[in-house]
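A quick write-up on the structure given underneath.
The values are calculated or read from the model by the stated rules, or taken from the named source; none is laboratory data. Quick caveat, the model's predicted, so the values are computed rather than measured. Please note: Cβ atoms are built from the backbone with ideal geometry, for glycine as well, and neighbour counts cover all protein chains shown.
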Amino acid sequence: MGNIYDGAFRTILNDCRKLVIPLINEIFGEKYTGEEEIQFFPNEHFLDRQGKEDRERITDTNFSIKGKYIKKYHIECESSLPDRKMTIRLFEYDAQIALDEGEVTEETLTVTFPNTAVLYLRTYKKTPDKMKYAIVTPGGTVRYDIPIVKIQKYSLDDIFDKRLLMLIPFYIFSHEKKFPEYNNSKQKLAVIEAEYKDILERLDELERQEVIGAFDKRIIIELSGDVIKKIAQKYENVQKGVGDIMRGPMIQTSARAILNQGIQQGIKQGIDQGISEAKRETVLKMLKRGKYTVEEIAEDTGLSVAEVEQLAGV
């Protein structure tokens, strides 16, 4: 789902990492407090095609949470109609994530599959409540479920009561089927506008209570505006009415401007986490395969040749 929704999902996860904890608790029945360490891993995975050119897969998320134990998680965000290909892609991602961190001890390969779930932004009649893996091996068959989260299942009260704040940018999908009505009726449009005013008030209150920071709040608002602009592009009144409400608080300094300023400062200080963590892992894996030149790696990862050479120890 290479579009604005995919980008919004990745952005809120990477920029507001602590917001993922309540969602993980909701999906997998965990009891994380929010104080746990979260470590994100590269989203790029190269699938070994046995003699053919490796194929790159981009996952939406790949991270671990360190509580009593360290657990790996993988969540995909999807807006299209469910199909068999989605299940296959999901398994490819999971298998490669497990293999990337596999360990061989005394000729025994141990791979750990992540806890996986799919967030569906749109719900159709064919949208199941879960997917399933059945892995048949000579040692026996392993079966387990892949939970599916449906955004329409959650009301605003649910989202705020359970602190599922990272779902707010996608809440508009719950209203998508009624866009024609809203667009043609000021009275009906006023109902959804009131909901979004309520969202802003609740976010302000959470900021006052220091449940979330100013940056997290602004990211949520900004991404909500981006999603509304995209999903309601054919409905001018909806886009203007609801979109203007979310754009209002962004008149001053934008969250992205704050973030970019911080990134630039980090680069100057030599502590750019994007390169030292995510891209560094990708570069090292490509170097290990020995199939790519330094120039090709630089082009694919967006780094300079000098940066790749530095990571390669040249």
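For the condition at pLDDT 90 or above, over 19 Å from the mean Cα position of the chain (by Cα) and either in a strand (DSSP E or B) or assigned by TED's automatic domain parsing to the domain that holds Y69 (or both), K125 does not qualify. Being out of contact with any helix residue (DSSP H, G or I) (no Cβ under 7 Å at 6 or more places or on another chain), farther than 23 Å from Y144 by Cα, assigned by TED's automatic domain parsing to the domain that holds Y133 and modelled with pLDDT under 90 holds for only one residue in K18, K68, K85, and it is K18.
All of (1) under 23 Å from N3 (Cα atoms); (2) surrounded by 15 or more Cβ atoms within 10 Å (Cβ to Cβ) hold for Q233 with one exception: (2). Within the range 173-181, can one find any residue that is assigned by TED's automatic domain parsing to the domain that holds R10 and hydroxyl-bearing (S, T, Y)? Among the residues of the range 173-181, not one is assigned by TED's automatic domain parsing to the domain that holds R10 and hydroxyl-bearing (S, T, Y), which makes the answer no. Test T108 against the stated conditions and say whether it is hydroxyl-bearing (S, T, Y) and either within 22 Å of L90 (Cβ to Cβ) or touching a strand residue (DSSP E or B) at 6+ places or on another chain (Cβ under 7 Å) (or both). No, not satisfied. The residue of the range 282-310 that is modelled with the lowest pLDDT, among those that are among the acidic types (D, E) and surrounded by 14 or more Cβ atoms within 10 Å (Cβ to Cβ), is D300. Within the range 157-174, the residues that satisfy the criterion of being closer than 23 Å to E76 by Cβ, in a helix (DSSP H, G or I) and not aliphatic (A, V, I, L, M) are D158, P169, F170, Y171, F173, S174.
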